[in-house]
Amino acid sequence: SAKDGSGTVVLRCEVPEDLWHLYNMLQEKQGDRLKASTMRKVTTVSSTGSTNSNKKRLNLTVEVHKVEFDPDSEEIRASGPNRQENEFVKLGAYHTLT
């Protein structure tokens, strides 16, 4: 709500200035969560014990512990623990969304 700062924002960044606004909305150590589509290297183990690594596109939700904005590369990096478990990423596993 407007009084306590809670709520949800859905934002599709279309121009670099949108990233700047997103960066200013995210707060470290305040419990903010960021959900985004990302690529993650996933390793699977077969029944014979051999391993296979592939990159998979996943939707992850991280609790923001660190956020950085790089105006030169026009990127935001938000790091923190995963807060929505899925079959490839355990709850609490650290990830950086770019």
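Just give me the residues in the range 51-98 being touching a strand residue (DSSP E or B) at 6+ places or on another chain (Cβ under 7 Å) and hydroxyl-bearing (Ser, Thr, Tyr), in sequence order.
THR51, SER53, THR61, SER79, TYR94, THR96, THR98
For the range 61-79, give me each residue that is assigned to a loop (DSSP other than H, G, I, E, B) and surrounded by fewer than 17 Cβ atoms within 10 Å (Cβ to Cβ).
Restricting attention to the range 61-79, the residues satisfying the condition of being assigned to a loop (DSSP other than H, G, I, E, B) are 64-65, 71-74.
Matches in the range 61-79: HIS65, PRO71, ASP72, SER73, GLU74.
Return the residue satisfying two criteria in turn: it lies in the range 51-98 and is at pLDDT 90 or above and of a type in the set (Phe, Trp, Tyr), and of such residues it is nearest to TRP20 (Cα to Cα).
Ranking the candidates gives PHE69 first.
Quick check, is THR48 of a type in the set (Ser, Thr, Tyr), without any contact (Cβ under 8 Å) to a residue 60 or more places away in the chain, part of a loop (DSSP other than H, G, I, E, B) and farther than 21 Å from CYS13 by Cβ?
So THR48 passes the test.
Looking at the range 85-98, which of its residues are part of a loop (DSSP other than H, G, I, E, B), exposed (fewer than 13 other Cβ atoms within 10 Å of the Cβ) and not charged (D, E, K, R)?
LEU91, GLY92
Confirm whether ALA36 is in contact (Cβ under 8 Å) with a residue 60 or more places away in the chain, of a type in the set (A, V, I, L, M) and over 22 Å from ASP4 (Cβ atoms). So that I can check it myself, show each step before the final result.
Values: in contact (Cβ under 8 Å) with a residue 60 or more places away in the chain: yes; of a type in the set (A, V, I, L, M): yes; over 22 Å from ASP4 (Cβ atoms): yes.
In short, yes.
Does the range 1-54 hold any residues that are surrounded by 10 or more Cβ atoms within 10 Å (Cβ to Cβ) and basic (Lys, Arg), and which are they?
Once the filter is applied, which keeps residues that are surrounded by 10 or more Cβ atoms within 10 Å (Cβ to Cβ) and basic (Lys, Arg), the range 1-54 yields LYS29, ARG33, LYS35, ARG40.
The values are calculated or read from the model by the stated rules, or taken from the named source; none is laboratory data. This one's a predicted model, so the numbers in the text were calculated from it and none came from an experiment. FYI the Cβ positions are ideal-geometry reconstructions off the backbone, even for glycines, and counts take in every protein chain you see.
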